Every structure is written in C-alpha cells, then in structure tokens.
Amino acid sequence: MVEQDYLLSQAVGAIFADEKLRKQLAMRGGTVLHKGHLAPASRYSEDIDLVLTAKRSRSGISADIATALKPLLGEPSEVVRTTVTLAVRNFLSKSEIARVTYVYGPTSLLAAQAKLKIEVNLNEQTSLYPLTTVPIEMPLAGGGVGSVLVPSYDLDEMLGTKLRALLQREHGRDLYDLWWAWWPATIILSGRRQLS
C-alpha cells in the first residue's frame with residue numbers, strides 16, 4: 001500500500017505537470033479529498049478520479065494521460081471507455097468514463113500484482129461552484145517532499161458527490177469520507193480544517 005500511495009502521488013504530479021492536461025482536467029474523489037482538501041490524509045486511496053472540464057475531443061484523453069504517465073508507469077495494461085448509469089432514487093443519469101489502468105509488480109517479491117486506476121468522467125464538465133486549486137504533497141525522487149497544485153472541485157461540491165456515491169453504492173469509504181469531513185472538524189470558509 002505504501003508503494004501504491006507513492007506511485008499514486010507521483011502519477012498525480014505527472015498528470016498535472018502536463019500543461020494541456022492541467023487546463024482540461026480537475027480532480028475529485030477520495031484522493032484529492034484526503035491528500036488535498038482534508039490533508040493530511042486520514043485514509044488510503046487507491047485510484048485517481050478526474051473530470052474533463054474543457055471542451056476537447058473525448059477520444060484522445062486516455063492517450064494523453066498514458067503519454068504523461070509513460071515515464072513513471074510504462075504502458076497501460078488496459079484502456080477502456082464505458083458508460084455507467086448513476087442512479088439516485090428514481091433519477092437516472094448516464095456518464096461516459098475513460099479508464100486507464102496500470103498493473104505493476106511491487107518491489108516486494110512477496111506482494112501480488114498491484115493496480116493503479118485513473119478514471120475520467122467525460123460528461124460532467126460543468127461544476128456547480130467554481131473550481132479551486134489545492135496542493136497535493138508528493139515525495140520527490142531524490143528525497144524530501146514537493147507539492148503540485150491541482151484543479152479540484154470545491155469542497156462542498158466534493159462532499160455532495162460523496163453523498164451521491166453513498167446513495168449509489170455500498171462502500172464504507174464514502175461514509176467514512178463524509179464523517180471525516182464533518183466530525184469533529186469544522187470546515188471554515190478558507191477550506192482549511194480547524195479541529196473543534
């Protein structure tokens with residue numbers, strides 16, 4: 001898990017170091033929630049959730065991500081475009097998702113193959129609130145810690161998507177994320193956490 005968290009942070013850095021991708025994508029989901037909005041991270045996240053925020057050809061986004069990640073992770077093991085149905089009560093909405101998956105062998109010979117998944121929602125291009133920029137810390141190859149600024153959904157909107165996810169699936173992490181954001185912390189206007 002430590003190695004995957006390291007690669008996850010490096011992958012975020014590689015994606016948002018690419019000027020074109022930085023202008024076209026925003027992060028949402030558990031990774032940016034815990035590594036950015038509510039840092040320091042209180043739980044491990046295993047994927048990168050992105051949203052296409054710019055008008056561009058949808059077909060090339062997976063290739064652009066794979067190009068940005070090639071020096072770090074090599075070639076992806078799977079590149080898929082799929083449609084998922086998001087449902088809350090009687091409301092159904094289809095979302096097109098581009099998924100790039102990497103399978104790698106951890107440095108420990110005793111560990112099983114590991115996966116790193118990057119998903120891009122291609123439909124939900126408009127956010128309710130203006131996008132914000134959050135720093136995400138990442139270990140530097142030569143030692144020490146650096147950070148990368150990533151465009152992200154506003155914290156309130158992020159928590160709204162977590163609530164929607166909680167209503168759609170039975171993952172304990174969504175409930176934990178909402179609990180961690182609301183109790184015992186108070187979220188103040190600056191978006192920083194202040195313990196009660």
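The values are calculated or read from the model by the stated rules, or taken from the named source; none is laboratory data. Quick caveat: nothing in here was measured; it's all calculated off a predicted structure. Every residue, glycine as well, gets a Cβ built from its backbone with ideal geometry; the counts of neighbours run over all protein chains shown.
Quick notes
- Considering the stretch 22-39, the residues that are touching a residue at least 40 places away in the same chain (Cβ under 8 Å) and surrounded by fewer than 19 Cβ atoms within 10 Å (Cβ to Cβ) include one that is farthest from T67 (Cα to Cα), namely A39.
- So A41, is it in contact with a His (Cβ under 6 Å, 6 or more places away or on another chain), farther than 15 Å from A98 by Cα and among the hydrophobic types (A, V, I, L, M, F, W, C): yes
- Y102 vs. criteria of a type outside the set (D, E, K, R), under 28 Å from A165 (Cα atoms) and not in a loop (DSSP other than H, G, I, E, B): yes
- The test for being modelled with pLDDT of 85 or more and under 15 Å from the mean Cα position of the chain (by Cα) does not hold for I61.
- Residue match in the stretch 74-81 (condition: modelled with pLDDT of 80 or more, in contact with a Gly (Cβ under 7 Å, 6 or more places away or on another chain) and part of a loop (DSSP other than H, G, I, E, B)): no
- Residues (at pLDDT 90 or above, buried (at least 16 other Cβ atoms within 10 Å of the Cβ) and aliphatic (A, V, I, L, M)) located in the stretch 143-164: V148, V150
- Selection from the stretch 111-163 of residues that are closer than 21 Å to T83 by Cα and under 13 Å from the mean Cα position of the chain (by Cα): L116, K117, I118, E119, V120, N121, T161, K162
- Looking only at the stretch 46-66, and only at residues there that are without any contact (Cβ under 8 Å) to a residue 40 or more places away in the chain and either in a helix (DSSP H, G or I) or touching a His at 6+ places or on another chain (Cβ under 6 Å) (or both), the one that is surrounded by the fewest Cβ atoms within 10 Å (Cβ to Cβ): A63
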